[in-house]
Amino acid sequence: MAAIPATNTETPVLILGGGLMGLALAHALAHRGRAVEVLSRRRSEAAGFVAAGMLAPHAEGLSGALLELGQRSLERIPAWVAQIEADSGLSCGLRPCGIVVPFATAAERDVYPTAPWGEPLDRQALERELPGIGPGWQAGLLFRQDGQIDNRRQLMRALERACVEQGVRFQEGVEVLELLHNEGRLDAVRVRDAAADIHVLQATTAVLCSGAWSAQLLPELPIFPVKGQMVSLQGPREALQRVIFGPGTYLVPREDGLLVVGATSEREAGFTEGLTPFGQRQLQAGLEALLPAASQWPPMERWWGFRPCTPDEAPLLGPGPLDGLYLATGHHRNGVLLAAITAELVSTCLVGDLHPQDEERLMAFNWRRFGAN
Ligand code: GLY
């Protein structure tokens, strides 16, 4: 086992995971003048490359502290994206297009948890907002403030470039095997590199951004995978202007007509890889019910991934089980939405600059809230 000395004069903050959350944290910390090194196992497995990119605290029907966190992140996204675009010179594909949630009846619409934030639609208004919507929907809620970002094709690439431009260092193909500590304080991490060699990297400060795999490193974290299968279709440009967020299926139209159709929610699948006929049929049935004409559009890509879920479906943010270790994981269905506020709050917490009000807010997402030791 070789011991690798710190690569910088300043021991870098290690980011454990090179997905969306890891990149967002690395970017925020680099902007705060910290040396940052991202350890990434396999980029393609990151939920940031799997998600549909909805920015949907209202359409998702969130409530309580999670709704407030989502709303705060939504407010910050334009400035966050502008910074990434300025650093990288690349567009992130932010599209504030609004999201419509359709309902079978007006009564169902009126009891939706976020109904007070939406504009009620009757069948006629629904048809105006979503030409071609299926006949089973008689009412809807339009959330003009919700939207989408092209995470798979644009945001991830732009954020990675922005990190490089800010001096963030990357180690690809590196699996973190163990967090080494001394009297409860993080000391180092043991890793296996792409050549299967084992190393120990000194680390006094790290952020765990390992998504669905977080509990493999820290079994005390109550995080488990929820598999999602997706498909994309090529539709005519401008066939659909707004996202449709139906029960069990949503349709996210990109600017060029690509329609992202998501997603199954499979808790029992664990980390089982691959597509299933059952999952794909479920997406097809949802698509037909929401937008019948889209069943004729050619499929482009099919994929799957694993959402990092917690018992209350809210993330784990802030100080972790070891001194010097911070958490930014467990975002379940809302990772793309929450990346901006997560990066802001966790990076501020790490540099010790958190406003007392934000400290209190962060407590709602502390990993110990489930009664873990
Ligand atoms: N954000 C929607 C999903 O996770 O399927």
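Some points to look at:
- If the condition is being in contact with a Leu (Cβ under 9 Å, 6 or more places away or on another chain) and either within 13 Å of the ligand (Cβ to nearest atom) or open to solvent by 20 Å² or more (accessible area, probe 1.4 Å) (or both), then the range 36-51 contributes ALA47, GLY48, PHE49, ALA51.
- Scanning the range 217-241 for residues that are of a type outside the set (A, V, I, L, M, F, W, C), modelled with pLDDT of 95 or more and more than 16 Å from the ligand (Cβ to nearest atom) returns PRO219, GLU220, PRO222, GLN234, GLY235, PRO236, GLN241.
- Within the range 157-182, the set of residues being outside any strand (DSSP E or B), charged (D, E, K, R) and in contact with a strand residue (DSSP E or B) (Cβ under 9 Å, 6 or more places away or on another chain) comprises GLU160 only.
- Pairs are defined by a Cβ separation below 6 Å, a sequence spacing of at least 6 or placement on different chains, a first member in the range 329-350 that is without any contact (Cβ under 8 Å) to a residue 24 or more places away in the chain, and a second member that is within 15 Å of the ligand (Cβ to nearest atom); no pair meets this definition.
- Residues being open to solvent by 10 Å² or more (accessible area, probe 1.4 Å) and either farther than 19 Å from ILE223 by Cβ or more than 16 Å from the ligand (Cβ to nearest atom) (or both) - total across the range 325-356: 11
- Every condition in (1) within 30 Å of GLY64 (Cβ to Cβ); (2) of a type outside the set (Asp, Glu); (3) surrounded by fewer than 19 Cβ atoms within 10 Å (Cβ to Cβ) is met by GLY136 except one, and the failing one is (1).
- Residue within the range 253-268 that is within 16 Å of the ligand (Cβ to nearest atom), of a type in the set (S, T, N, Q) and open to solvent by 50 Å² or more (accessible area, probe 1.4 Å) present: yes
- Applying the criterion of at least 1 residues that are under 30 Å from LYS227 (Cβ atoms) to the helices (runs of 4 or more DSSP H) found wholly in the range 49-137 leaves 64-88, 106-110.
The values are calculated or read from the model by the stated rules, or taken from the named source; none is laboratory data. Since the model is a prediction, treat every value here as computed from it, not as a measurement. Virtual Cβ from ideal backbone geometry, glycine too; neighbours counted across all protein chains shown. For accessibility, only protein heavy atoms count, side chains too; no ligands or nucleic acids. Shrake-Rupley method; radii C 1.70, N 1.55, O 1.52, S 1.80 Å.
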